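Below is one structure, written out as structure tokens, with a few remarks after it.
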Amino acid sequence: MLARNSTYIAGVTPAALLLALFFVGPALWALYSSLTNLALVGIDAANPRFVGLDNYTRLFADPDFWTVIRNSVVFVVGSAVIGQFGLGLGLALLIDHAEHRRWWLGTLAYGAVLLAWVNPTLIAGFLWVAMYDFFFGSLNHVVLSSFGLSPVDWIGSFPMPAVIVANIWRGTAFTMIIFLGALKTIPPDIYEAARIDGANAWRRFWDHTLPSLRPIAALALLSITMSTFGTFIVIQTLTNGGPGNATEVIALFAFHTAFKSFSIGYGSAIAVVMLALNFAFAIAYLRWSRARA
Amino acid sequence: MSTYSRRKFLKVAAAAGIVVACAPAAQPSASPPGASPSQAKGLTGTITVSYPDELGVKPKYVDQAAQAVQSKNSGTTVKVDLQKISDDLYYPKLLLALQSGADVPDVFHFGGDSIGELADAGYIEPLDSYVGAWPDWSQYPASIKQGATYKGHVWAIPYGMDTRWLYFRRDDLQKAGLPADWMPTKLDDVVTAAAAVKSKVSSVVPYALYAGAAASDGARDHAFVPLVWAYGGDVVTSDGKWVGNSPAIRKALAYYQKVYGQGLSPKEILTTTKPWTAMRAKLGDGSLALLFEGGWVYGGWASKDQAGTQKNVGYLLHPTENGGPSFTIGGLGTCWYITAKSKNKDLAWEFIKTWNNKDTVAKINIEDPHPVARSDSADVPEFKAQQYLVDSTKSLEKAKFLPPDPNLSKITTAIQKATGRVANGDSTADDAAKQYSADLKQAIGADKVIEQ
């Protein structure tokens, strides 16, 4: 049995080792340190103690935690599910359509969306800072002022929409590319048959395109949900979680707790909760894709 | 300041004994030992000096000191690790190195606020025996020595002290119908002046009152703490307990409510990255009228436009609620520390001693204006010739200081949350004070928090 699978095992081992080293290891370390009061400064840095589930009791009683969870849900739904997923699918359909008809505009759109994606996240964040900034930003000083309108405090007045828009802009290319790839795998004869049966464009999309895309859609949704859930560089650059707690999402909350208050134990507890939620997403999406595919 | 001494003993000695795997190995000396007469103390080996700097003022002084140490003690090497990042970014990086024991520098340069939390963590070395044998230590006033002392030990050597001012633009206030030699007698006069600017000079931001996490330490030192003091309260008692909810804290938060509620301070402070950059620039060019900020900021304006700054930027102490004596908030400024894990502490001290000579301390504080930590540096003619530096040094007589609490980072987070909540209108002053008290208890333990 082992001999028969030895090639397979030999192939999988390096990947498994790397995963263990860079994922399982840190995850276990986070789990362990979430049960301690480890800190980066003060007496708890010199003598961390085992505190059991104290960090978790404290976390669930912390009103900020629930604000942060709510913010994360709004951010993930707005930016990943509606924004990147919806927009990515829409763009992929349009570009695919354009490619079939050899319209050059499709390639241009493809390039433009891709450009946003190839920027390092930090640069993308700063680009939006340069747009939104009240004092120096181009939205106020070029766009609004050319219409004679007075400046708007974009980030202060609409913090969550502001970061959602920036993150959609940054990340849509990923789902678009995935869907474009998937669209090319759908055999064209299905559509021809449907056309002969008299199905209109909407029915062809609903009955054929969408079901063919479902497995890949689940994968794309899972992947962007998880990465959006864990994202914080765009938000950190734009609002740093403010004003107040208005855009503090869970990843940023963990970061601030661990590296601003230097409470590593408490920060790890937040990270563990985040990991658990990601697991839950993964299971839900995988079940959804298997149930229907 | 010795409140926490009843808690566990420092583990400094233990930490110092830990062998650091990745510390730079001592290099064999280039010349035979004892070849140079100046090597009487037998200093050899290598040290790494790590410091953050964005301004560009410090590198030449650090390099000079490194050169001086090397030429005086042949066979020694002083490696300089300049990090061109802000203190905010430098600190977590440094802490991670100190915690993990990898790439630990021998000497580092950071704010004196951190003495308590660094000492309790066992990261830094007490300097008592070094300062005891250093004749120049007598040049440091008792108050400054006291500031560098925690649990009975001296931990860091300051050179330029922090003071803060309420800066105001004479030109903006005049446009708003106020006198050029404006002088608030009580705290509300500041709000009145800001309101006058808002109604009469629409192109000028009236006032910047730091709040929230984005404002970093500014929310603490440049706003919340002086406000609590101005209302006659205290943020921490003399026996080291932090005040959670008190009349003065509610009044300080109500002051935020008033200032932000009337739109006198821009909400962008809550969201901009490093809002102080924009606020300092604005006061410098006259598009902001009132700002309570660090004394060191003045130098940036003066170096850009000496005459304009002298003419238009006024600086005052912080007024109080009912016109009592005005005050400021002082600080140790940035200091030099020796890490507990350093394997060459004598050479590390040699560097610190060399840097902190009378002339360097005077010169760097002229270039980057701060009151000098050494009394004899204040007598250097170039220092004495600058009115602003004389005023700054004098302001320390009216300064109050925060103790070097080991929980300062956590407390700062609670202050940022409380001020951010009120400034953003999420919470009333009274509710924010209650929540501040709860946050403090959660962060540092209920036994260290009192309500008044």
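General remarks:
- A:Phe158 vs. criteria at pLDDT below 90, within 14 Å of chain B (Cβ to nearest Cβ) and more than 30 Å from A:Trp206 (Cα to Cα): yes
- Selected residue (criterion: surrounded by the most Cβ atoms within 10 Å (Cβ to Cβ)) from residues of region A:235-256 that are under 15 Å from the mean Cα position of the chain (by Cα) and away from chain B (no Cβ under 12 Å): A:Val249
- Test: residue in region B:228-237 that is under 20 Å from the mean Cα position of the chain (by Cα) and surrounded by fewer than 17 Cβ atoms within 10 Å (Cβ to Cβ): no
- Matching residues, region B:72-99, being within 24 Å of B:Thr354 (Cα to Cα) and acidic (Asp, Glu): B:Asp81, B:Asp87
- Answer from B:Pro105, B:Pro92, B:Pro33, B:Pro59 - the residue that is in a loop (DSSP other than H, G, I, E, B) and modelled with pLDDT of 90 or more: B:Pro105
Yes or no, residue by residue, for (1) buried (at least 19 other Cβ atoms within 10 Å of the Cβ); (2) over 30 Å from B:Met279 (Cβ atoms); (3) free of Cβ contacts under 8 Å to residues at least 40 places away in the same chain; (4) β-branched (Val, Ile, Thr):
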site	(1), (2), (3), (4)
A:Gly78	yes, yes, no, no
A:Val81	no, yes, no, yes
A:His97	no, yes, yes, no
A:Trp104	no, yes, yes, no
A:Gly111	no, yes, yes, no
A:Leu114	no, yes, no, no
A:Trp117	no, yes, no, no
A:Gly137	yes, no, yes, no
A:Ser145	no, no, yes, no
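- Checking the stated criteria, A:Ala282 turns out to be over 27 Å from B:Ala211 (Cα atoms) and either surrounded by fewer than 20 Cβ atoms within 10 Å (Cβ to Cβ) or touching a residue at least 60 places away in the same chain (Cβ under 8 Å) (or both).
- Meets criteria (over 15 Å from the mean Cα position of the chain (by Cα) and on the phi > 0 side of the Ramachandran plot) for A:Phe205: no
- Selected residue (criterion: surrounded by the fewest Cβ atoms within 10 Å (Cβ to Cβ)) from residues of region B:437-452 that are part of a helix (DSSP H, G or I) and more than 10 Å from chain A (Cβ to nearest Cβ): B:Asp447
- Condition check for A:Phe22: farther than 30 Å from B:Gly122 by Cβ and of a type in the set (Phe, Trp, Tyr): no
- Helices (runs of 4 or more DSSP H) wholly inside region A:17-130 that include at least 2 residues being away from every other protein chain (no Cβ under 14 Å), closer than 24 Å to A:Val249 by Cα and modelled with pLDDT of 90 or more: A:25-33, A:63-75
- Within region B:348-379, being within 19 Å of the chain's Cα centre (by Cα) and assigned to a loop (DSSP other than H, G, I, E, B) holds for B:Asn356, B:Asp368, B:Pro369, B:His370, B:Pro371, B:Ala373, B:Arg374.
- Any hit, region A:34-53, residues being touching a helix residue (DSSP H, G or I) at 6+ places or on another chain (Cβ under 8 Å) and over 21 Å from A:Lys260 (Cβ atoms): yes
- Every residue from region B:82-115 that is in contact with a Leu (Cβ under 9 Å, 6 or more places away or on another chain) and over 20 Å from B:Ile352 (Cα atoms): B:Pro92, B:Leu95, B:Leu96, B:Gln99, B:Ala102
- Verdict on B:Asp120 being over 30 Å from B:Ile366 (Cβ atoms) and either touching a residue at least 40 places away in the same chain (Cβ under 8 Å) or not assigned by TED's automatic domain parsing to the domain that holds B:Gly323 (or both): yes
- Any hit, region B:274-283, residues being in contact with a strand residue (DSSP E or B) (Cβ under 7 Å, 6 or more places away or on another chain), basic (Lys, Arg) and either assigned to a loop (DSSP other than H, G, I, E, B) or closer than 23 Å to B:Ser326 by Cα (or both): yes
- Selection status of B:Gly116, out of contact with any Pro (no Cβ under 9 Å at 6 or more places or on another chain) and within 14 Å of chain A (Cβ to nearest Cβ): no
- Region A:138-256 holds helices (runs of 4 or more DSSP H) entirely within its bounds, and those carrying 3 or more residues that are touching a helix residue (DSSP H, G or I) at 6+ places or on another chain (Cβ under 7 Å) map to A:154-157, A:159-185, A:188-196, A:210-229, A:233-238.
- A:Ser212 falls short on exactly one of the conditions (1) closer than 20 Å to A:Val76 by Cβ; (2) more than 14 Å from every other protein chain (Cβ to nearest Cβ), and that condition is (1).
- Any hit, region B:368-378, residues being at pLDDT 90 or above, out of contact with any Cys (no Cβ under 9 Å at 6 or more places or on another chain), under 20 Å from B:Gln146 (Cα atoms) and within 14 Å of chain A (Cβ to nearest Cβ): no
- Filter result (free of Cβ contacts under 8 Å to residues at least 40 places away in the same chain and of a type outside the set (S, T, N, Q)) within region B:304-357: B:Lys304, B:Asp305, B:Ala307, B:Gly308
- Residues of region A:257-274 that are more than 7 Å from chain B (Cβ to nearest Cβ), of a type outside the set (Gly, Ala, Ser) and touching a helix residue (DSSP H, G or I) at 6+ places or on another chain (Cβ under 6 Å): A:Thr257, A:Ile264, A:Tyr266, A:Ile270, A:Val272, A:Met274.
- For region B:65-89, filtered to residues that are in a helix (DSSP H, G or I) and of a type in the set (Asp, Glu), the residue that is nearest to A:His256 (Cα to Cα) is B:Asp88.
The values are calculated or read from the model by the stated rules, or taken from the named source; none is laboratory data. Bear in mind that the values here come from a model prediction, so they are computed numbers and not experimental data. As a convention, Cβ positions derive from the backbone with ideal geometry for all residues, glycine included, and neighbour counts pool all protein chains shown.
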